[in-house]
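Just below is one structure, and these are the notes that go with it.
The values are calculated or read from the model by the stated rules, or taken from the named source; none is laboratory data. What you see is a predicted model; the values in this text were computed from it and never measured. All Cβ positions, glycine included, derive from the backbone under ideal geometry; neighbour counts span all protein chains shown. The area values use the complete protein model at the heavy-atom level, side chains included, leaving out ligands, DNA and RNA. Shrake-Rupley method; radii C 1.70, N 1.55, O 1.52, S 1.80 Å.
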There are 2 protein chains.
Amino acid sequence: MKGNAVYKGAYNRCLDYLADMTIDEKLPSTSELASRLAVSRTTARSVLVSLTSAGVLRLDEIGHSLQRAPEAGDYFPEKQTMSAAAAVERRFMEWILQGDFRAGQLLNSSELARQFGTSTTTIREYLTHFHHFGLIERRPNSAWVFRGITADFAEEVYEVREMFEMRSASHLIQMPKSAPCWRELAEIEAQHHDILADIDVRYKEFPALDERLHRLVHDASRNRYVIEFYNIASAIFHYTYQWNRDDEKERNTRALKQHLVYIAGLRNRDMHAVNASLKSHLDSARTTLMKSIELGPFKVTGTPAITS
Amino acid sequence: MKGNAVYKGAYNRCLDYLADMTIDEKLPSTSELASRLAVSRTTARSVLVSLTSAGVLRLDEIGHSLQRAPEAGDYFPEKQTMSAAAAVERRFMEWILQGDFRAGQLLNSSELARQFGTSTTTIREYLTHFHHFGLIERRPNSAWVFRGITADFAEEVYEVREMFEMRSASHLIQMPKSAPCWRELAEIEAQHHDILADIDVRYKEFPALDERLHRLVHDASRNRYVIEFYNIASAIFHYTYQWNRDDEKERNTRALKQHLVYIAGLRNRDMHAVNASLKSHLDSARTTLMKSIELGPFKVTGTPAITS
DNA sequence: TCTCTGTCTCTTATATACATAAGACAGTTG
DNA sequence: CAACTGTCTTATGTATATAAGAGACAGAGA
């Protein structure tokens, strides 16, 4: 009834760990292994047993030791290491991304359960959770409604995002010079320069860096609502980013440059400069999202970025 | 397996409806009755059947007619008209309110299910939902942690509330003169004067009016995140309001007067006045909440405001 | 004494079961 | 033919069942 994704994930992580060991080396205690794999001793234990029967480990009087180096074929497929809930989240987002749902469409949990190959329990749990993204509405005793990624949606997300990030930035610039965020910010800034210097090749690294910078700022708010909102928004951005790949390099270049102005403002603790640069950066980000929405989702069949 | 709270609620609402009818009067069609009771025809139908066997209605060739006036004893107790989920929400809030949970305490769903007399499914659904209040944190594959209504919590809620309400107010004052919100605002203002004129008796009406005013403002934002936040925050305020009854009349009087200044600012579409008055009002509201938190929850056993 | 290990108990995550509620359909009546 | 009604099908809300996973405990070895 309960999937064994935890076990499979731990199994894979254990293989990674074994890769750094030499043949015949003895393994640490189950307690230590368990905490290294971030699971309970119970799970660590069953991983040891199966690795032994797979011939990777050997068990003798002194305990488990490495028998042979792990190979690619020993791993469980990554898909199986996701819990049912996580798998539903990913599939659901992909459906939205691919335009399989239209705005206003009614979703019903039994149908979704059938199509996603899980139970209604899991679907329900996910739909309740997802409700907070603002994309789904509940009709009690009836179906759910998909509200759609529309222009309204984008306006509302960006309105909140702008308020929250400005506020967070004002917290950030009040941090003492010794706070770790300044070091992190310096690293982020350096990465911007690195990528810009080799933009033709590395422009695809922008989204991850963008996420890192904005998360640093939001985290400075130390406000659970602000941080939670950014978690949600960044998941949405992550998925919708795929919708429009026109001029990707140019857009990313422009955004990187805007970031540098923004970062300079933060480092100078100049709130006016911060507000101005952040506003113009978010305005172009919003425009990009709006354009993606106008274009609508494209079919992504075969795009490795989605399925991997 | 599924409770029949919908049926019982509809049954009670139907009794209310029948109270306005005269003996022997014929009932409307099931479709019309169903939409009046806000349920499906199926449910309306079973209400008719049971009201008939209870002797309130009579069925003959021409259909159902009123046989006798409904009495207080015909109603289902209000508790039974709440869905299991709603009942859990109320009980959970009461537990928090009464200090049955301490900050940092671990909650586990089986235990809660036992104590609340429901299934773990319902508890889980509720905990997931409640997670977004920022009061509960999830440890995957393990227990939940109650973070507590602490000073930090109050600061974070009020920080967001202030941002959201100022923004919403700026939307409100841009509404055309013909928008229905101005009429509603005028009514709210009049109610303030009414209550102030008879404050010794009516000061307890303040919380409901407070909720009405602030909701009106938040709704003007037409932003789902802002409105959803206020839904959550107002539930928290509703429950924590009970924590501190010292100087209740004085506090409410002061707040009513602050509201009037705020309302005047809104009606004059004077954003400066709005910002200033809102800020000072929210500051005193926050101070009140902070004080309640310092005092901590009191045992409310027997307080009718909670159990009714 | 400390840590490690095997065993046992209890919880969580998920699937399934099932009564209530919603809504579709078709026959009926005015 | 338009609205109303009875019947039927399907879905939701909630309880229960169960495998996977977490952690407690006590005995064993250093």
| If we hang a label 7 Å off Cα along the beta carbon direction at residue B:188, how far is it from the matching labels on the other copies, in nm, shortest first? | 3.7
| If the viscosity is 1.567 mPa s and the temperature 4 °C, what Stokes-Einstein diffusion coefficient in µm²/s follows for the protein assembly as shown when Rh is the Kirkwood radius over Cα pairs? | 45
| Other-chain or far-sequence residues with amide H under 5 Å of residue A:136's (modelled H) | A:147
| field | the stretch A:84-146 - percent of accessible surface contributed by carbon and sulfur, probe 1.4 Å | value | 46
| task | Quick one: angle between helix B:151-172 and the longest Cα principal axis of chain B, in degrees between 0 and 90, rounded to 10, please. | result | 80
| query | Between the helical axis of A:206-219 and the dominant principal axis of chain A, each derived from Cα atoms, what acute angle in degrees is found, rounded to the nearest 10? | reply | 80
| remark: Computed ³J(HN,Hα) along the stretch B:196-201: with the Karplus parameters 6.51/-1.76/1.60, θ = phi - 60°, integer Hz and x for glycine or proline, the list is 4, 5, 10, 4, 4, 8
| field | Global form of the stretch A:84-146, assessed from the alpha-carbon gyration tensor, a/c cut-off 1.5 | value | rounded
| task | Of the options B:217, B:264, B:275, report the single residue whose Cα projects farthest towards the positive end of the charge dipole of the protein assembly as shown (beta-carbon charges: Lys, Arg +1; Asp, Glu -1). | result | B:217
| Those aspartates and glutamates that a straight Cα-Cα span of less than 14 Å connects to residue A:26, excepting residues fewer than 8 apart in one chain | A:60, A:61
| field | Estimated 222 nm signal from helices in the protein assembly as shown, with DSSP H stretches of n ≥ 4 weighted -39500 (n - 2.57), rounded to 500 | value | -20500 deg cm²/dmol
| query | For the stretch B:35-129, what does the alpha-carbon gyration tensor say about shape, rounded, prolate or oblate, given a ≥ b ≥ c as the root eigenvalues, a/c under 1.5 as rounded, and a/b over b/c as prolate? | reply | prolate
| said: Please list, by residue number, every one of the trypsin sites (Lys or Arg not before Pro) in the stretch A:102-183 that is coil in DSSP and has at most 13 other beta-carbon atoms within 10 Å. | reply: A:102, A:177
| task | State, to one decimal in nm and shortest first, how far the label point of residue A:268 sits from each corresponding label point in the other identical copies (label point: 7 angstrom along Cα-to-Cβ). | result | 3.8
| field | By accessible area with a 1.4 Å probe, ligands and nucleic acids excluded, highest first: order of B:91, A:251 | value | B:91, A:251
| query | Using θ = phi - 60° and the Karplus curve 6.51 cos²θ - 1.76 cosθ + 1.60, what whole-Hz ³J(HN,Hα) does each residue of the stretch A:268-283 get, with Gly and Pro shown as x? | reply | 7, 6, 10, 5, 5, 4, 4, 4, 5, 6, 5, 4, 6, 5, 5, 4
| field | Separation of the residue A:38 and residue B:143 label points, Cα + 7 Å toward Cβ, nm | value | 2.2
| query | Toward the positive end of the charge dipole of the stretch B:5-78, about the Cα centre and with charges on Cβ (Lys, Arg +1; Asp, Glu -1), which of B:62, B:19, B:37 goes farthest? | reply | B:37
| query | residue B:68 label points, 7 Å along Cα→Cβ, one per copy: pairwise distances from this copy to the rest in nm, shortest first? | reply | 8.7
| FRET E, pair residue B:170, residue A:294, Förster distance 35 Å, beta-carbon r, rounded to 0.05 | 0.80
| request: Collect residues whose amide H, placed 1.01 Å from N in the peptide plane, falls under 5 Å from the amide H of residue A:57; neighbours closer than 5 in sequence don't count. | output: A:52, A:67
| In straight Cα distance, which aspartates and glutamates are under 15 Å from residue B:204, not counting same-chain residues fewer than 8 positions off? | B:194, B:246, B:247, B:248, B:250
| GNM result for chain B, Cα springs below 10 Å: residue of B:42, B:121, B:81 fluctuating most strongly | B:42
| Relative contact order (percent) for the stretch A:5-78, with alpha-carbon contacts under 8 angstrom and 6 or more residues of separation? | 40
| query | Which of A:8/A:249; B:177/B:257; B:249/B:279; A:8/B:2 have a Cα-Cα distance over 29 Å? | reply | A:8/A:249; A:8/B:2
| request: Treating the angle as unsigned and between 0 and 90°, give the value, to the nearest 10°, between the Cα long axis of helix B:84-97 and the longest Cα principal axis of chain B. | output: 40
| residue B:105's amide H: which non-local residues (gap 5+, or another chain) put their own amide H closer than 5 Å, with H modeled 1.01 Å from N in plane and none for Pro or chain starts? | B:146
| note | Filtering trypsin sites (Lys or Arg not before Pro) in the stretch B:260-294 by DSSP loop and by at most 16 other Cβ atoms within 10 Å leaves B:269
| task | Choose one answer from A:104, A:296, A:73: the residue with the largest mean-square fluctuation in a GNM of chain A with alpha-carbon springs under 10 Å. | result | A:73
| query | In whole Hz, what ³J(HN,Hα) sequence does the stretch B:259-266 give by Karplus (6.51, -1.76, 1.60; θ = phi - 60°), x for Gly and Pro? | reply | 4, 5, 5, 4, 4, 4, x, 4
| For the stretch A:191-256, what does the alpha-carbon gyration tensor say about shape, rounded, prolate or oblate, given a ≥ b ≥ c as the root eigenvalues, a/c under 1.5 as rounded, and a/b over b/c as prolate? | oblate
| request: Could you tell me the accessible area of residue B:195 in Å² (1.4 Å probe, neighbours in place), rounded to the nearest ten? | output: 0
| message | With loop defined by DSSP as not H, G, I, E or B, and exposure as at most 15 other Cβ atoms within 10 Å, which is the longest segment of chain A clear of exposed GluC sites (Glu not before Pro)? | response | A:72-308
| chain A: radius of gyration over Cα atoms, expressed as a fraction of 2.2 N^0.38 Å | 1.20
| In nanometres, what is the gap between the two model label sites at residue B:211 and residue A:184, each 7 Å from Cα along Cα-to-Cβ? | 3.9
| Expressed as a whole number of Å, what is the distance separating the alpha-carbon centroids of the stretch A:89-156 and the stretch A:215-278? | 27
| What is the distance, in nm, between label points placed 7 Å from the Cα along the Cα-to-Cβ direction at residue A:31 and at residue A:75? | 3.2
| field | B versus A: buried accessible surface, summed, Å² (probe 1.4 Å, to nearest 100) | value | 3000
